[in-house]
1. Using a ≥ b ≥ c from the Cα gyration tensor of region 140-393 (square roots of the eigenvalues), is it rounded, prolate or oblate, where a/c under 1.5 gives rounded and otherwise the larger of a/b and b/c decides, a/b for prolate?
2. Quick check: convex hull over the Cα atoms of region 199-306, volume per residue in Å³, rounded to an integer?
3. Sort out for me the Cα centre separation of region 274-297 from region 354-387, rounded to whole Å.
4. What FRET efficiency comes out for Asn217 versus Ala69 if R0 is 51 angstrom and r is the Cβ-Cβ distance? Round to the nearest 0.05.
5. If you add up the charges near Ala175, with Lys and Arg at +1 and Asp and Glu at -1, over every other residue whose beta carbon is less than 13 angstrom from its beta carbon, what do you get?
6. What pairs in Lys68/Lys295; Lys10/Lys216; Lys110/Lys225; Lys110/Lys211; Lys216/Lys298 have C-alpha atoms more than 32 Å from each other?
7. If each of Ala285 and Thr300 carries a label point 7 Å out from its Cα toward its Cβ, how far apart are those two points in nm?
8. Between Ala308 and Ser39, how high is the FRET efficiency from 1/(1 + (r/R0)^6) when r is the Cβ-Cβ distance and R₀ = 56 Å? Nearest 0.05.
Amino acid sequence: MKILIIDSDKMMRDVLLKALSSAVVFSPSEADDIEDGASLAASILPDFVLVDMDAIADDPAAGVARLKAASPSAGIAVISGMGVDENAVRAALAAGASNLSKPFRMEQLKLIVGIDGSSPSAPESAAGARGKPAREGVSPSRRKNILLGAAALAVSAGLIFAALKILSPSALPPASFDVESQNISYLACSGGRLYVTDWLEQGVYIYSIPKSAAEKNLLPAGVYKKNDFQPTAASAFGSELWVADSLQGLFVRYKIAAGGNSILPDKNFRSPSTSPSGILAEKDAVWSYDFNTRKLYKHTAADMSVAAVYDLPIETPCGMARLSGLFYVGDTRTGRIVALNPRDMTIALVAEPREYSGGKEKMVGLCADAVNIWTASESGRIFRHDPSRLSGELK
């Protein structure tokens, strides 16, 4: 079977190649962009084409049509990530492509390519691979209210950040780190450890958090992997690590072993939402949110019963933390960190870290230790932020 992969991210190409080679004997080909991809498709006439949405983002319908013209009999699937423009996905689907939405299971990849004994799947509806209704963007009126709320509270932002500086005097300076995981879906911090979930490798990678600015690396401390496990969110508190699996609709509570370098399964809980995509564990409560509906749930930690439900005023949430009394939530689409008032979850301030400004990186995870905010990008980099230094980046 001839499969063509078009993706500018070599790490993602390598992951797909590894995954597919373990499932079927095939002849792979790779391309960085649509230009080379279409040319290669015309030359080799692949059986199937996997193309990253970014490669055809300028005109998804035209990109799919170009690939179909180059290789008329090939099946085509567009791979989309968190924060992708739903209109772009719809345009690709209307042009005859299927959609494989990150995070996805290997079974979904095999099914859509047709290496499970069936023929390649027909184009899906706008629900995509997750089988969820396509989420509409925030309405103009709601977006206006969100921005007005942020602007009204921006006056007090300097005072808030000043307080953070006083409360967190030992915050380490901003820094970036490269890690082993290539498909980061979330971050969690606890006890001097950073827990990095990888949705495709089905694992949790554990790193030692640097204790000083002189330490330039996140040192590997352990790894946990399990079949039929897709960690799409995680949060650590004390000796517990809570992990959400959005595709199974589960929360799994793990016990963190002494030293923090390994975890052991403890108990499963069913999520009240169909796609639990974020989680934050505290002493007596666990918070979770659904990426598709943007609903925020407050759970009683003992049994995960729902105590309250809020609307998240954020389009594409990608991580949650509490620091100095405020909730911090990452936003994939804008690359911003939004601080929320814990009383009613309204916006207190909005900051755009320099690492994500102008779309340089795409945020996929956020957590906080006692003094620093940590974020993860889709490119596989981890960033450490000093909250007191975000004041100059207020939007």
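1. oblate
2. Convex hull of Cα atoms, per residue: 120 Å³.
3. One Cα centre to the other: 20 Å.
4. Calculated value: 0.60.
5. Overall, the nearby charge balance is +2.
6. Lys68/Lys295; Lys110/Lys211; Lys216/Lys298
7. According to this spin-label approximation, the distance is 1.4 nm.
8. It comes out at approximately 0.55.
Read-outs throughout are calculated quantities, based only on the coordinates presented, and are distinct from any laboratory measurement. Keep in mind that what you see is a predicted model, and the values were worked out from it rather than measured. Cβ sites come from the backbone with ideal geometry, for glycine too, and all protein chains shown count toward neighbours.
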